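I have placed the structure first, in the form of structure tokens, so that the comments after it can refer back to it.
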Amino acid sequence: MRSGFNPNKDQLQQSSGFTHQVLIPVYIPTHQDYFKDSFEVLKCCLESLEKTVHCNTFITVVNNGSSLKVRAYLDDLLATGKIHELIHTTNIGKINAILKGLSGHDFELVTIADADVFFCSGWQEATYEIFKAFPKAGAVAPLSFPTFLKYYTAPIWADHWSSGRLNFEPVKDPESLQAFAKSIGNSNFYNDAHLEKQLVLTNGEVKAGVGSGHFVNTYRGALFDPPAGKYSPYQLGGDSETVFVDQPVMDSGLYRLATLNGYALHMGNTLEPWMQDKLQELEKSDKTTVDIRWNKLRVSPLRNWWVKLTFKVLTRRPIWNRLLRSKGLSANQVRNY
């Protein structure tokens, strides 16, 4: 029998004060073979995150079917206030775990990161700078991906293909590109052309790399409301990231951008001495708020059709090659880009 009146009924939610969510799905089912060092890598990831974010950052971890040892560690982080939300589930796949972490929240910005990301000092400030300078920014990565200049970047090309604001410039931080290539076990992931020049969008004094990857990215929170769907059939890969995190950015007419300097490192599944050394160098962010004025998202099917058509025309081989030359690549670089 129910007695009395629930005092929370019909009451609006009170503001939590948090403006930026960082969401990390974790899948470490064992501590052998491929996952031998993954637990220690996870510890470095979360410690680097805690040390570099501002006080209004809400940290969500989704335990996607990890071992009891990992579960106990995460429970302790929640109990001590080092993370703000912990969701335990069986292995339901990366995107489905992310969807659980997004549910029930409304943040201005959402960073989605793998559990092997090392966050460097200043990553939030550098990300915010790009969101402020480019009102159409929808996703910003804290490191550059020169090879992603065509990956769901149609709105950038449609808006700026003839603009002097979009040009190839010398790569500002080739060391971060080489570090990423090494971390995925492929030192030749970037060729000489990629390490020499990258496509850059400029607005006043602020510059951003065109294109962004997946292992860590910050999105406008409004992109996930309403979500693209509530379920993905894939454990990992397939079209899951395309449908849930890439397509919404482009369909909203927004840009995928990146910082020119590297503010995040990919650790992979192997613990290395540099990780502990770098943890000692990290500095807490002194930011207190996101402080960005947002334009309302407007999805226009007609504009989307025009943007995709324009991009399709621009990326036809003869036109594309001439376009890249006009933007600052040499003939040899065009052949290798």
Quick check on region 270-289. Is at least one of its residues farther than 27 Å from LYS136 by Cβ, aromatic (Phe, Trp, Tyr) and assigned to a helix (DSSP H, G or I)? yes
Checking THR30 against (1) part of a helix (DSSP H, G or I); (2) more than 18 Å from the chain's Cα centre (by Cα), the condition it does not meet: (1)
Note down all Cβ pairs under 6 Å where the first residue falls in region 88-100 and is under 20 Å from GLN21 (Cβ atoms), the second is surrounded by fewer than 21 Cβ atoms within 10 Å (Cβ to Cβ) and among the aliphatic types (A, V, I, L, M), and they're at least six residues apart or on different chains. LYS94/LEU236; LYS100/ILE87
Being at pLDDT 95 or above, of a type in the set (Val, Ile, Thr) and not in a strand (DSSP E or B) is the filter here, so list the residues in region 91-140 that pass it. THR127, ILE130
Which of the numbered conditions does LYS82 fail, given that it passes all the others? Conditions: (1) within 19 Å of THR19 (Cα to Cα); (2) under 20 Å from the mean Cα position of the chain (by Cα). (2)
Regarding region 74-81, can at least one residue be identified that is of a type in the set (D, E, K, R) and more than 28 Å from ASP291 (Cα to Cα)? yes
Taking region 218-246 only, how many residues are within 25 Å of LEU324 (Cβ to Cβ) and either modelled with pLDDT of 80 or more or in a loop (DSSP other than H, G, I, E, B) (or both)? 1
Take VAL313 and tell me if it is among the β-branched types (Val, Ile, Thr) and within 25 Å of the chain's Cα centre (by Cα). no
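Quick grid of which residues meet (1) surrounded by 21 or more Cβ atoms within 10 Å (Cβ to Cβ); (2) in contact (Cβ under 8 Å) with a residue 60 or more places away in the chain:
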position	(1), (2)
GLY65	no, no
ASP75	no, no
THR80	no, no
HIS84	no, yes
GLU108	no, yes
LEU143	yes, yes
THR147	no, yes
Among (1) buried (at least 18 other Cβ atoms within 10 Å of the Cβ); (2) over 30 Å from ARG303 (Cα atoms); (3) of a type outside the set (Asp, Glu), which single condition is TRP157 missing? (2)
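The values are calculated or read from the model by the stated rules, or taken from the named source; none is laboratory data. No experiment lies behind these values; they were computed from the predicted model shown. Here the Cβ is made from the backbone with ideal geometry for all residues, glycine too, and neighbour counts use every protein chain on show.
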